[in-house]
């Protein structure tokens, strides 16, 4: 099925560094969501974005809904070991109406 | 709030048997539940969408007679893998959205191994 273009696919960083990842699409989405998945677990919602241009923070995480509605980014500041995992972006074409389209995921590895 | 559970967390079964996986919304009413399948190091693939009290809508390529979905109440949906085969081995994850349909909350997943 169709997926969002998420990049980078993987990141290897030092503890304390900032992280940035993004998702792009050729079509418009009206909701953008960012999830984190730990090994053997289900995705956990980090941030939900509902308006174009919206910038939302959740602790050290900040995400933005692109003004064109075709992209979103997630930043993590001052990374810590527990940030390790796979981050997925997901979009809904129609707000609150069912299907999510997922990105391929960004695997984050942190060297202590 | 918005907690979704799945049971069992992992199951091993013999080829040809059927396996039922439960998905429950613990603290909200889930009008819609979704079933996903995830292969190692891959993203989530939507299998079907189920609304309480109605038949599930399956994604293209997903066999409805193979993957039976029942959403009999606002807090429970079940996925039954019928006549399981080794190629059905995978990580199955459900999600649920509430009356406001604001977003999807995911369960912890069920790892199925068919021998």
Exercise for review: From (1) more than 20 Å from residue B:92 (Cβ to Cβ); (2) within 14 Å of chain B (Cβ to nearest Cβ); (3) under 12 Å from the mean Cα position of the chain (by Cα), pick out the condition that doesn't hold for residue A:58.
Suggested key: (3)
Practice item. Look through segment A:20-33, keep the residues that are at pLDDT below 95 and either within 11 Å of chain B (Cβ to nearest Cβ) or within 9 Å of the chain's Cα centre (by Cα) (or both), and return whichever of them is nearest to residue A:82 (Cα to Cα). Key: A:33
Point to revise | Number of positions in segment A:81-100 that are within 21 Å of residue A:27 (Cα to Cα) and either surrounded by fewer than 20 Cβ atoms within 10 Å (Cβ to Cβ) or touching a helix residue (DSSP H, G or I) at 6+ places or on another chain (Cβ under 9 Å) (or both) | key: 7
Exercise for review: Might you let me know whether segment B:72-82 holds any residue that is touching a helix residue (DSSP H, G or I) at 6+ places or on another chain (Cβ under 9 Å) and either more than 22 Å from residue A:91 (Cβ to Cβ) or within 14 Å of another protein chain (Cβ to nearest Cβ) (or both)?
Suggested key: yes
Point to revise | Residue list for segment B:67-100, restricted to those being out of contact with any strand residue (DSSP E or B) (no Cβ under 7 Å at 6 or more places or on another chain) and either without any contact (Cβ under 8 Å) to a residue 40 or more places away in the chain or under 21 Å from residue B:2 (Cβ atoms) (or both) | key: B:72, B:73, B:74, B:87, B:98, B:99, B:100
Revision key, fill the gap. Residue B:57 passes all but one of the listed conditions (1) surrounded by fewer than 19 Cβ atoms within 10 Å (Cβ to Cβ); (2) away from every other protein chain (no Cβ under 13 Å); the exception is number (2)
Check your understanding: Considering only residues of segment A:34-48 that are more than 9 Å from the chain's Cα centre (by Cα) and touching a residue at least 40 places away in the same chain (Cβ under 8 Å), which is surrounded by the most Cβ atoms within 10 Å (Cβ to Cβ)?
Key -> A:43
Review point. For segment A:49-69, how many residues meet the condition of being crowded, with 17+ Cβ neighbours inside 10 Å and assigned to a loop (DSSP other than H, G, I, E, B)?
Key: 2
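Yes/no per residue for (1) more than 25 Å from residue B:3 (Cα to Cα); (2) more than 11 Å from chain B (Cβ to nearest Cβ); (3) out of contact with any strand residue (DSSP E or B) (no Cβ under 8 Å at 6 or more places or on another chain):
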position	(1), (2), (3)
A:7	yes, yes, no
A:12	yes, yes, no
A:18	yes, yes, no
A:35	no, no, no
A:38	no, no, no
A:82	no, yes, yes
A:85	no, yes, no
Practice item. Output the residues belonging to segment B:6-39 that are surrounded by fewer than 18 Cβ atoms within 10 Å (Cβ to Cβ) and within 10 Å of chain A (Cβ to nearest Cβ). Key: B:9, B:10
Review point. Before we move on, is residue B:63 over 19 Å from residue A:43 (Cα atoms), within 8 Å of another protein chain (Cβ to nearest Cβ) and either free of Cβ contacts under 8 Å to residues at least 24 places away in the same chain or out of contact with any strand residue (DSSP E or B) (no Cβ under 6 Å at 6 or more places or on another chain) (or both)?
Key: no
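The values are calculated or read from the model by the stated rules, or taken from the named source; none is laboratory data. Quick caveat, the model's predicted, so the values are computed rather than measured. All Cβ positions, glycine included, derive from the backbone under ideal geometry; neighbour counts span all protein chains shown.
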